[in-house]
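Here the structure is laid out as structure tokens; the discussion comes afterwards.
The values are calculated or read from the model by the stated rules, or taken from the named source; none is laboratory data. These numbers come from a predicted model, not from an experiment. A quick note on method: Cβ atoms are made from the backbone with ideal geometry, for glycine too, and the neighbour counts reach across all protein chains shown. Note: accessible area is taken over every heavy atom of the protein model, side chains too, but ligands, DNA and RNA are not part of it. Shrake-Rupley method; radii C 1.70, N 1.55, O 1.52, S 1.80 Å.
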Amino acid sequence: MAVRPDVRLETAPMQPVSCTSCGVTVQARKSSWDQTTIQWNDQAVAACVERRASKPRPGPNGATFVGCFALRDSVRAAAVRGDLDVLSDEPLPSNPAALTEASNA
């Protein structure tokens with residue numbers, strides 16, 4: 001059986017998104033409104049306030065960084081503004097609070 005090459009980044013490359021909280025820039029790709037891929041670089045890892053403040057949790061994956069809430073909100077706001085492409089054709093889920101927050105960012 002042949003291995004199928006992954007061409008997702010060729011057809012929809014990652015795009016830069018800056019965090020509105022600390023200013024770091026990461027590469028992001030939104031496959032849908034619910035699925036986001038983030039690629040951190042060394043500078044972003046070192047500068048992210050939430051990442052530096054995170055503490056290990058119990059369990060076998062406890063050292064894994066769960067994610068930065070400020071960056072998550074920045075990525076969503078960029079997608080709502082149209083600055084970050086969303087690959088899925090599904091419409092933005094109806095959530096007036098999220099839309100208001102994104103337009104104020």
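Within segment 26-37, the residues that satisfy the criterion of being within 10 Å of the chain's Cα centre (by Cα) and crowded, with 16+ Cβ neighbours inside 10 Å are Val26, Gln27, Ala28, Arg29, Lys30, Thr36.
Among what's in segment 38-78 and is closer than 13 Å to Ser18 by Cα, assigned to a helix (DSSP H, G or I) and not hydrophobic (A, V, I, L, M, F, W, C), pick the residue that is least open to solvent (accessible area, probe 1.4 Å). Looking at residues that are closer than 13 Å to Ser18 by Cα, assigned to a helix (DSSP H, G or I) and not hydrophobic (A, V, I, L, M, F, W, C), I get Ser74.
When the criteria are applied in full, Val66 fails the requirement of being aliphatic (A, V, I, L, M), in contact with a helix residue (DSSP H, G or I) (Cβ under 8 Å, 6 or more places away or on another chain) and closer than 25 Å to Pro93 by Cα. Restricting attention to segment 11-23 and to residues that are part of a loop (DSSP other than H, G, I, E, B) and within 14 Å of Ala78 (Cα to Cα), the residue that is least open to solvent (accessible area, probe 1.4 Å) turns out to be Cys19.
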